[in-house]
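Below is one structure, written out as structure tokens, with a few remarks after it.
The values are calculated or read from the model by the stated rules, or taken from the named source; none is laboratory data. Quick caveat, the model's predicted, so the values are computed rather than measured. We place every Cβ from the backbone using ideal geometry, glycine too, and count neighbours over all the protein chains shown. Remember, those area values only see protein heavy atoms, side chains included, never the ligands or the DNA or RNA. Shrake-Rupley method; radii C 1.70, N 1.55, O 1.52, S 1.80 Å.
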Amino acid sequence: MREIACDSIRDAVRLLFLEACTAPADGVTGLLADARQGETLPHAREILAQLIENNGIAQRERTPACQDTGMAVVFADIGQDAHVVGGFFGDAVEEGVRQAYADGYLRKSVLDPLTRKNTGDNTPAVIHERIVPGDRIKLWTLPKGFGSENMSRIAMLSPSAGVDGVMDFVVDCASGAGGSPCPPVFLGVGLGGTFESCAMLSKRQLLREVGACSPDPQLAEMEAELKRRINALGMGPMGMGGNTYCLEVRVGKEPTHIAALPVAVNFCCHMLRHAVAEL
Ligand code: SF4
């Protein structure tokens, strides 16, 4: 059994949120630059240039790249031989979020859904824990902006819808979202499971490294075809026209029930804000 102190979990979460809010994920700037090369419309090229410049300023000056610094989502793979000491894991994560949003002057966006009263410190975080083999804890932090989150959708399709039905649903989601999720976007797509696990699977796709297509040949083909079809709609950066609405589509699947074909689409805007560390 390996001991991991709550203080180190707290400090890691704090640093990861500060990093994720101020630096694009590895490879994102290259994708934006490539996309700019592929644009012919001057305003589309200009928008992409501004996004690259904005990300650069944020990274250089350690300042948030966007005013919406999101709701704090944390994925934690906890090794079954890791022993958390000095407190409770969840409390350590919440304190890390609290400190990051205070110290980084990040906007506090979390409130009661009905009274709309702000909690004041951007907690509670949304924490997804998973017990895995080993004695380490791997943490991913996602400051999830809601311009993109609000456009996310789930459908319990009929099994007869098949691959074509899945493809049409994802393309329709993008078409309906237009400029709202601040494109160009990354799309996480979940297939199968139950209602809630499918949504989770779609969000988990956003943790993938840039440029890493699915190892499953059929899913990799779907990813490429979805990106092609969505970009062919011509909505472009910020939904103002052009070739680049979608930078990547990532599809994951898991077994489901004989009576079901769940599909979930989670949007993430162009910085793909997330950071990862292992303790
Ligand atoms: S969707 Fe992304 S870029 Fe747009 S406001 Fe939200 S966090 Fe900012």
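General remarks:
- Answer from V84, V74 - the residue that is of a type in the set (A, V, I, L, M), within 21 Å of the chain's Cα centre (by Cα) and closer than 30 Å to I131 by Cα: V74
- Applying the condition of being open to solvent by 30 Å² or more (accessible area, probe 1.4 Å) and within 16 Å of the ligand (Cβ to nearest atom) to segment 19-48 and asking which residue is farthest from G241 (Cα to Cα) yields E19.
- Here the helices (runs of 4 or more DSSP H) wholly within segment 121-229 that include at least 1 residues being farther than 26 Å from G27 by Cβ and open to solvent by less than 30 Å² (accessible area, probe 1.4 Å) are 162-177, 195-204.
- Some residue of segment 231-248 being open to solvent by 70 Å² or more (accessible area, probe 1.4 Å) and under 25 Å from A20 (Cα atoms): no
- For first residues located in segment 138-149 and in contact (Cβ under 8 Å) with a residue 12 or more places away in the chain, partners that are among the basic types (K, R) and more than 11 Å from the ligand (Cβ to nearest atom) and lie 6+ apart or on another chain with Cβ distances below 8 Å form the pairs L142/K203.
- Selection status of A92, more than 16 Å from the ligand (Cβ to nearest atom), in the same structural domain as R14 (by TED's automatic domain parsing) and touching a Cys at 6+ places or on another chain (Cβ under 8 Å): yes
- Among the residues making up segment 239-257, those that are out of contact with any His (no Cβ under 9 Å at 6 or more places or on another chain) and within 16 Å of the ligand (Cβ to nearest atom) are G239, T244, Y245, C246, E248.
- Among the residues making up segment 258-269, those that are within 16 Å of the ligand (Cβ to nearest atom) and either touching a Leu at 6+ places or on another chain (Cβ under 6 Å) or at pLDDT 95 or above (or both) are V265, N266, F267, C268.
- All of L207, L187 fail the test of being touching an Asp or Glu at 6+ places or on another chain (Cβ under 8 Å) and touching a residue at least 24 places away in the same chain (Cβ under 8 Å), apart from L187.
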